[in-house]
Amino acid sequence: MAKRARLLLLPLLLFFFLRSLHADGRFDLVGPRIDVRVTRGNETLPIASVPNLQPGDKIWLHPDLPPSQSVKYLLICVFLRGTTNPPPQDWFTRIETWDKKVREEGVFVTVPPEAQQAVLFMAPETGGDFSTLRSAVQGRPGLFVRASQDLAEAGFEQARIEKYLASIRRVPPSDSADLQKHSDLLARTLNLKPNEDCFKRPVDTQFTCLTLTGTQTLLDDGHGQNIASALSNGPGSDLINQASYTQAAGGGLYSAYVGAIVDLIRLMGTLHTAQYQYIPAIAFPQDAALNLRLNTPPSFHNPKSVLVIGLPSVQAAVSPPLRPADANYIACLIKPSVVLPIEGAPLVFSTDFAHEVVLHLNPPPGAPTEPDIPLIPDAYQGGLVLQQTPTHHRELRDPKLLKPEPALPTPAGTPAAKPDQAAKPDQAAKPDEAKTASPATPPPVPQPKPVLITGTIQGRWGFDPFTGPTVTLQQLPGTGWHIVEPTEAAPNTSLIAGRSSQLLVSSTGSACIHTITAHPTDSTDDMPIQFKPSPKPEDQNLVNLSMPLQHAETPGNLHLAIQQYGQPKTDDLAARTFSEPAHIASIELHAGDRSLLLKGTSLAQVERLSLGDLNFSPVPPSADDLTSTDTLRVALPADAPAPPTHVDDHLTARIRLRDGRNLSIPVIVSLPRPVITLLRKNAATPANTEIALTDSNDLPLSQPVSFTLKSPAPFPRNGQIEIETLDGTLRTVLTLAPSGGLLLQDPHTVVATLDPLRSFGPSAFGPLHLRAVYPLASTSHARRSSEPDTTALAHVTATDPATQTATIAPASPAASNDPPAADSMEPESPSSDWLPLGTLVRLPILSGLQCPVETTLPCTLSGSNLFLIESISIDPTFANPIPVPDGFTGSSLTLPRPSAATIFLHLRDDPTAINPAIIPTVAPPPTTVSSHTHNASRGETKTQTQQPQTPKGPA
């Protein structure tokens, strides 16, 4: 009956056990303590420094129970040899913890050959306890093999979490930045991931959130799994993964190892008997003490609790896979506190397995050795901390750099001494030999010290030595500081006033920088400069400086002070801040051209442009050049030959700015530009005007203009002639299309006809120039090449010659002067240089000159559009000119009586030429008339009444 009751209570006890695990999955119940040491050969280590056991090792076990211990515990040491091979009976060692000799001296147990695992059991002493436990292990050895592996892995992972919690408590809770910094360092070295949501909370709650147990996520640690020899396949592994997410496992609390513990408990539940229940105990070694922690209180009533304790696996040593956190990092040996950022083996930082870790300096060949520098693993600092003493560190010298002094010259006639003739210490030199003996070899010159050396991390992993990575070290302050000139890899190193910039500096070594400050010449305050080393291994001495120049308004000199560790004075550098550099949007270069056209902004800063060994200089604009400031033409010297450029050549233009900066712009050579010359031109004389234009370059707006162009190459059928004003506001295109304005005389000669009034409107005036354009095979250019000369740009007016009435001409899309969108840009068609065509002038209409009979009275000039006249004179030399007021709208002007029927004009559209005008005289009217006149000689306009007179001949 009692046996049946115990069987009925067994599931209930297991339920309450799992329920307690769900309620609190932590192993925070302090268990008994066992002192353990391991001896291998002649060396003994505490259990905290032993990651693995070997056959033949002697294990010293000493249960450290209090003198008042009322329950007698039986300690059993068992060695296992796999899941399918039960251990023999002599692999079980019975240790009675209450025995006086055991309490005073402990017990030695030797690891037998072929053993793979070691497990300790602690059970309350009862009759038949030893045989019962031995039978359980021999009956199901695989379960206890799994138990030892899972307990070891759980201990490793719990140690990482506890190391994180203990270290993060060293940070002041109110320092959020320091909390984030050390949390990142701990996470990297311990290979875990803190709860990122903690850093999103208020500052005063971040510390509490990070130190809550269970808020850390453990990442995979292959090294710890190798040491524990965890099973990686089979149904047991699947059970672990499933159990880690069950409610019994605390819903993922410590999910990286709780699953293994739950699995262990379930497996052990199958061995639950009326006398014993098995509960896991995680060991936390500290020196020789094996401190045990439980997650459920042990029971001393039936079924009594048996503590299952895992010892290190019996296997070959697995060295820690240490690696640098940054392969390009260089440590400064002269820094007060040196930390080598090392990661890859969390157990190095969370356990004491790694000991006697040192940094072995690798001297140059022939140089004396130097004592190793002890290293202390410190996850809080993020790596291995150097423990330097005054004996560390002598600067190592490189004998390869040794330059011996030249030997003194031997006197003439003295034979050179042979090596075997050297005097021995116990022999005195003869007097005659002393006179001819060669002088002693001078001591060698002290050799220079290399700035950079290397060091290798070495240490002991348990009983076995291990060699870690080799790191680069800097033993002297860097010298030869200089600003790195811009290159193709780093083209933008100029300091621009008004915005943050990057500056590259370099020296023989850059790892020992302490601080960098900048001092502008126009400021009294120093600016701290943030810096970081170059991420490229080939540029290990390059330092990138972040210059906070966003508040600097005036370009000028900048003083940089670099303070290094071990250097009493700063290293000074002179830099300079600039204004925004010229922006080169594009460079137009055609095959065979002696000049290039630059487009961009701030082009006045360009001093010269170089293509290889060809230097192009800016071409000064002419006085009448109204080209936009966004373009600049640079040309070769007049005596330089044409450059040997070819179509589609990919070149690099080096642009030198006037302040010393350099720009590199890629250039692709375009098709050769057209070449044309203006042979002749002819403008028809207006039939209804009395004004004769004396300057052949003056073109009357109202009359067609014909001109002939010559091209060395055949003029293409889709060729165009663009004609526009210098300011580019008025433009028209002549083509070979019907009514397009061009006519081929032969393949090289083109006759062009331009109707200025129709093309540009009545308000057109001023200089015109033309160029030839050979459109590329594209749709947009094809459309433009088929347009007749009647097409006008926006804002251009057309005039009806019959009515002299201005009307607005609609602008076609093809004629728009706006640049195309960036996504619709096409290669620009090659065009020739601009050639001057002439100056458009508008002519007033002069209807007559009326002079009174009285010769002393002035004459009256009548007509329309008289405001087109700038000034009038009756003298051919244009003496005493009479100006016409701006905006004059009258129909007559009063001027002195001319000696003949000819007057002389300066037109507003070309005020430099003197143009004669023969004006027909008009007899005074026979009746009194009232007319609106302007007295040009007095600048007055008035209405006057004239009495009828009889004409008496010409005025």
Quiz item: What FRET efficiency, computed as 1/(1 + (r/R0)^6) with R0 = 22 Å and r the Cβ-Cβ distance, is obtained for SER847 and THR912, rounded to the nearest 0.05?
Solution: 0.25
Quiz item: What is the local net charge at ILE869, summed over the other residues whose Cβ is closer than 13 Å to its Cβ (Lys, Arg +1; Asp, Glu -1)?
Solution: -3
Practice problem: Given the peptides 185-193, 744-752, 913-921, arrange them by the average over their residues of other C-beta atoms within 10 Å, most packed first. | Solution: 185-193, 913-921, 744-752
Quiz item: Where does each of ASP525, ASP613, ASP539 land when they are ordered by accessible area, with a 1.4 Å probe and the largest first?
Solution: ASP613, ASP525, ASP539
Quiz prompt | Residues of the range 558-588 with amide N under 17 Å of a point placed 7 Å along Cα→Cβ from THR629 | solution = 579-585
Exercise. For the range 128-207, build the charge dipole from Cβ charges (+1 Lys, Arg; -1 Asp, Glu) around the Cα centre, then report which of ASN191, ALA166, ALA152 sits farthest towards its positive end.
Key: ALA152
Exercise. Provide the net charge surrounding ILE676, with neighbours chosen by a C-beta distance below 11 Å and charges set as Lys +1, Arg +1, Asp -1, Glu -1.
Key: +2
Quiz prompt | Built amide H within the under 5 Å cut-off of LEU770, gap 5+ | solution = LEU835, LEU837
Quiz item: Which residues does a label at ILE376 reach in the range 347-362, if reach means a backbone N under 19 Å from a point 7 Å past the Cα toward the Cβ?
Solution: 347-360
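Note down the magnitude of the dipole of the range 295-389 about its Cα centre, charges +1 on Lys and Arg C-beta and -1 on Asp and Glu C-beta and zero elsewhere, to the nearest 20 debye.
Numbers: 3 positive and 7 negative charges, 64 e Å.
Dipole magnitude for the range 295-389 comes out near 300 debye.
Treat the range 150-205 as a sphere of radius equal to its Kirkwood radius over Cα pairs and apply Stokes-Einstein at 4 °C in a medium of 1.567 mPa s; give the translational diffusion coefficient in µm²/s, rounded to a whole number.
Working: Rh = 12.1 Å.
Approximately 107 µm²/s, per Stokes-Einstein.
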Quiz item: So what J values fall out for the range 96-103 if you push phi through Karplus, 6.51 cos²θ - 1.76 cosθ + 1.60 with θ = phi - 60°, rounded to Hz, Gly and Pro as x?
Solution: 8, 5, 7, 5, 4, 5, 5, 5
Quiz item: Within the set LYS449/LYS532; LYS163/LYS536; LYS58/LYS100, which residue pairs have Cα atoms separated by over 28 Å?
Solution: LYS163/LYS536
Practice problem: Sticking with the crude label model, points 7 Å out along Cα→Cβ, report the distance from THR84 to ASP727 in nm, one decimal please. | Solution: 10.0
Self-check item: Full-extension gain in nm, ASN195 to ASP64, via 0.36 nm per residue minus C-alpha separation
Solution: 43.3 nm
Quiz item: Taking R0 as 51 Å, what's the FRET efficiency between ARG658 and ARG169 from their Cβ-Cβ distance, rounded to 0.05?
Solution: 0.25
Quiz item: All other residues with a Cβ under 12 Å from the Cβ of ALA585 taken together, and with Lys, Arg as +1 and Asp, Glu as -1, what is their net charge?
Solution: -1
Quiz prompt | Modelled FRET efficiency - R0 45 Å, ASP886 with LYS536, Cβ distances, 0.05 increments | solution = 0.05
Self-check item: Nearest-10 value in Å² for the accessible area of VAL675, using the 1.4 Å probe
Solution: 90
Quiz item: Which entries in LYS193/LYS335; LYS335/LYS569; LYS101/LYS304 show an alpha-carbon gap greater than 20 Å?
Solution: LYS193/LYS335; LYS101/LYS304
Quiz item: Got a sec? What order do THR601, THR351 fall in by accessible area at 1.4 Å, biggest, i.e. largest, first?
Solution: THR601, THR351
Exercise. Could you tell me which trypsin sites (Lys or Arg not before Pro) in the range 599-671 are loop residues by DSSP with no more than 11 other beta carbons within 10 angstrom of their beta carbon?
Key: ARG658
Quiz prompt | Sorted peptide list for 570-579, 764-773, criterion being average Cβ within 10 angstrom, highest first | solution = 764-773, 570-579
Exercise. Show TYR565, TYR380 ordered by accessible area, largest first, where the area counts protein heavy atoms only and the probe is 1.4 Å.
Key: TYR565, TYR380
Self-check item: Spin-label pair SER586/HIS559, simplified geometry with 7 Å Cα→Cβ offset, distance in nm
Solution: 4.8
Exercise. Report the extension gain between ALA604 and ARG103 in nm, rounded to one decimal, defined as 0.36 nm multiplied by the number of residues separating them, less their alpha carbon distance.
Key: 170.8 nm
Quiz prompt | Heavy atoms of LYS710: accessible area, 1.4 Å probe, square angstrom to 10 | solution = 80
Self-check item: Table column - 3J(HN,Hα) (Hz), the range 31-38, Karplus curve with 6.51, -1.76, 1.60, x for Gly and Pro
Solution: x, x, 10, 10, 8, 9, 10, 10
Practice problem: Would you grab the residues whose amide H sits under 5 Å from the one on ASP287? Only those 5+ places off in sequence or on another chain, please, with H modelled 1.01 Å from N. | Solution: ALA48
Quiz item: Once phi is turned into θ = phi - 60°, what whole-Hz ³J(HN,Hα) does the Karplus curve with 6.51, -1.76 and 1.60 give for every residue of the range 665-681, x standing for Gly and Pro?
Solution: 10, x, 9, 10, 6, 8, 4, x, 7, x, 10, 9, 10, 8, 6, 7, 8
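The values are calculated or read from the model by the stated rules, or taken from the named source; none is laboratory data. These figures come from a predicted structure and were not determined experimentally. Ideal geometry is used to build each Cβ from the backbone, glycine not excepted, and the neighbour counts take in all protein chains shown. Ligands, DNA and RNA are excluded from the accessible area calculation, which covers all protein heavy atoms including side chains. Shrake-Rupley method; radii C 1.70, N 1.55, O 1.52, S 1.80 Å.
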